[in-house]
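Working notes for the structure below.
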Amino acid sequence: MNDRFFTAVAPTRRTADAQRQIGELLLSLGVTPHTEGYAMLRDGARLLSDGDRCRRMRLTNELYPLLGESFERKQSRAEHAMRDAVRLAWQREEPEREALCCGETPSNAALLYLLAGYVQAVRSRNG
């Protein structure tokens, strides 16, 4: 991963907590860590959940290139990896997912914002 990615979200305890929370939620939704898109979804949602600048980040022009660069992939490959991870998860039956989301496969943007919103809600509840 490159320095640009790490300067976007400085490593803090808050960042580590967000990464853990997002990872747990991804697992409960059926997204498995062995897929390339898992880490990209986790890191993308963490970026979106951290600070005002990142919440306004445009996915196609800012987030996907940043993730692609940090994982040494093209922007299109990063987007595709995330879409594949979501598609594979939604092919499996996951009862927890039905409680959290509608039954349809979400877009990358919808899932990223769902995950980021979850982290923000947990932060505001915990103070």
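Answer yes or no as to whether Val86 is modelled with pLDDT of 80 or more and either of a type in the set (Gly, Ala, Ser) or not in a helix (DSSP H, G or I) (or both).
no
Cβ-Cβ below 7 Å, separation at least six or inter-chain, first residue in region 82-93 and touching a residue at least 12 places away in the same chain (Cβ under 8 Å), second of a type in the set (Phe, Trp, Tyr) and in a helix (DSSP H, G or I): which pairs?
Ala85/Tyr38
Out of everything in region 38-76 that is under 22 Å from Leu27 (Cα atoms) and basic (Lys, Arg), what residue ends up being modelled with the lowest pLDDT?
Arg46
Could you please tell me which pairs satisfy a Cβ distance under 6 Å, a separation of 6+ or placement on different chains, a first residue in region 46-68 that is of a type in the set (Asp, Glu), and a second residue that is crowded, with 18+ Cβ neighbours inside 10 Å and modelled with pLDDT under 80?
From residues that are of a type in the set (Asp, Glu), the pairs are Asp50/Val9.
Restricting the search to region 20-35, which residues are without any contact (Cβ under 8 Å) to a residue 60 or more places away in the chain, closer than 12 Å to Leu115 by Cα and in contact with a helix residue (DSSP H, G or I) (Cβ under 8 Å, 6 or more places away or on another chain)?
Correct list: Gly23 only.
The values are calculated or read from the model by the stated rules, or taken from the named source; none is laboratory data. As the structure is a prediction and not an experimental result, all values here were calculated from the model. All Cβ positions, even for glycine, are placed from backbone atoms using ideal geometry, and neighbour counts span all protein chains on display.
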